[in-house]
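Derivation of every value follows stated rules applied to the coordinates shown; laboratory data play no part. None of these values were measured; they are calculated from a predicted model. Please note: Cβ atoms are built from the backbone with ideal geometry, for glycine as well, and neighbour counts cover all protein chains shown.
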Amino acid sequence: MDAPDSPAPSESPDSRDSRDSHDGLLAEQLLRLTRRLHRIQRRQLDPIDITPAQFRLLRTVASYDAAPRMADLARRLDVVPRAVTTLVDGLEASGRVRRAPDPDSRRVVRIEITDEGRATLRSLRSARRAAAEEILAPLTADQREVFGELLSALVDGMPERHC
């Protein structure tokens, strides 16, 4: 049985080196693009005074039809409940969410998005569109379509995430 790193019988060592070099370049380009996206995101979030994790939680709360429980949020975000508590504390202090009692159980707390939270999401979505335009500006419409298909193929090949 061949070792996992051994070339296929029809693959020459030179073609494998070339592929490895190309894959290494692609990985480096993806990392550079990710860093650029993070810089742009930080630049957009700083004036709004929200962290990326708080933004993610706010989007998640808004995605529910009815106010979710803290446990629902922790499960959806794939984090421990204590992490949700900390994020909710920050968002509640800024007026973007509020804790509300569950009508069916005194022990359950639900998280509701406020008007301030909805306004924040609108601002952030607008900022994201502007960031996407900045990143994608060098691409033609056809290239954007192909890029979107390639990204979908990569994302669809990743393990399922709930956010």
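Between ASP23 and SER152, what FRET efficiency follows from the Cβ-Cβ distance if R0 is 22 Å, with the result rounded to 0.05? Please list the in-between numbers first.
Values: r = 20 Å, r/R0 = 0.90.
That pair, ASP23 with SER152, gives E of 0.65.
Per the Kirkwood definition applied to all pairs of different Cα atoms, how many angstroms is the hydrodynamic radius of the stretch 55-136? Walk me through the numbers before you get to the answer.
Working: mean 1/r = 0.0746 Å⁻¹.
The answer is 13.4 Å.
If you count, for each residue, the other Cβ atoms within 10 Å and average over each peptide, how do 121-134, 67-80, 29-42, 141-154 line up from highest to lowest? Don't jump to the answer; show the numbers that get you there.
On the way: 121-134: 13.3, 67-80: 16.4, 29-42: 11.8, 141-154: 10.2.
So the peptides 121-134, 67-80, 29-42, 141-154, ranked by packing, come out 67-80, 121-134, 29-42, 141-154.
Full extension from GLU112 to ASP89: what is 0.36 nm times the residue separation minus their Cα-Cα distance, to one decimal in nm?
Details: separation 23, 0.36 × 23 = 8.28 nm, distance 1.26 nm.
Computed gain between GLU112 and ASP89 is 7.0 nm.
If you plug each phi of the stretch 104-113 into the Karplus form 6.51 cos²θ - 1.76 cosθ + 1.60 with θ = phi - 60°, what whole-Hz ³J(HN,Hα) values come out, in order, with x for Gly and Pro?
Each residue of the stretch 104-113 in turn: 9, 8, 5, 7, 9, 10, 10, 10, 10, 7 Hz.
Using R₀ = 30 Å, calculate the FRET efficiency as 1/(1 + (r/R₀)^6) where r is the Cβ-Cβ separation of ALA62 and ARG144; round to 0.05. If you can, show how the numbers build up before the last one.
Values: r = 27 Å, r/R0 = 0.89.
Result of the calculation: an efficiency of 0.65.
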